[in-house]
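Chemist: This structure is in structure tokens; I'll ask about it shortly.
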Amino acid sequence: QVQLVESGGGLVQAGGSLRLSCAASGSIVSNNAMGWYRQAPGKQRELVATITSGGSTNYADSVKGRFTISRDNAKDTVYLQMNRLKPEDTAVYYCKFATVFNAYWGQGTQVTVSS
């Protein structure tokens, strides 16, 4: 089992920045991918960004150039730096930890961007 603890959500004005963190603990295997997904009211959960244990990243087109995902493998922690936030970025952001065999989700953290 893997436990994920997210932090860093909140309320920010459009154009502002937030940094999300997600710390993993438990049965961590070295070959994994961590990422952030989000779900706005009435919409399906969508990928925001992912990063492998080797450092390869993938971003949704809507956040490219504004968001940066990074990780500290020594701390089993993934970060999402969100800049130039827009009202349409408002959602619950979920952290995901995945291996070849399993996937685990955090409890979610609310990000609200006011116009």
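Read-outs: derived from the displayed coordinates by stated rules, not from any lab. This one's a predicted model, so the numbers in the text were calculated from it and none came from an experiment. Heads up, the Cβs are rebuilt from the backbone with ideal geometry, glycines too, and the neighbour counts pull from every protein chain shown.
Chemist: Sort out which residues of segment 29-40 are closer than 17 Å to SER62 by Cβ and either loosely packed, with under 15 Cβ neighbours inside 10 Å or β-branched (Val, Ile, Thr) (or both), and write them in order of number. First the steps, then the outcome.
Modeler: Narrowing segment 29-40 to residues closer than 17 Å to SER62 by Cβ: 35-40.
Matches in segment 29-40: GLN39, ALA40.
Chemist: Right, another one. From the set of residues in segment 83-95 that are within 10 Å of the chain's Cα centre (by Cα) and surrounded by 22 or more Cβ atoms within 10 Å (Cβ to Cβ), which is nearest to GLY9 (Cα to Cα)?
Modeler: Result: TYR93.
Chemist: Only one of (1) out of contact with any Gly (no Cβ under 8 Å at 6 or more places or on another chain); (2) more than 14 Å from ALA98 (Cβ to Cβ); (3) surrounded by 15 or more Cβ atoms within 10 Å (Cβ to Cβ) is not met by ASP76, so which one is it?
Modeler: Only one criterion is unmet by ASP76, namely (2).
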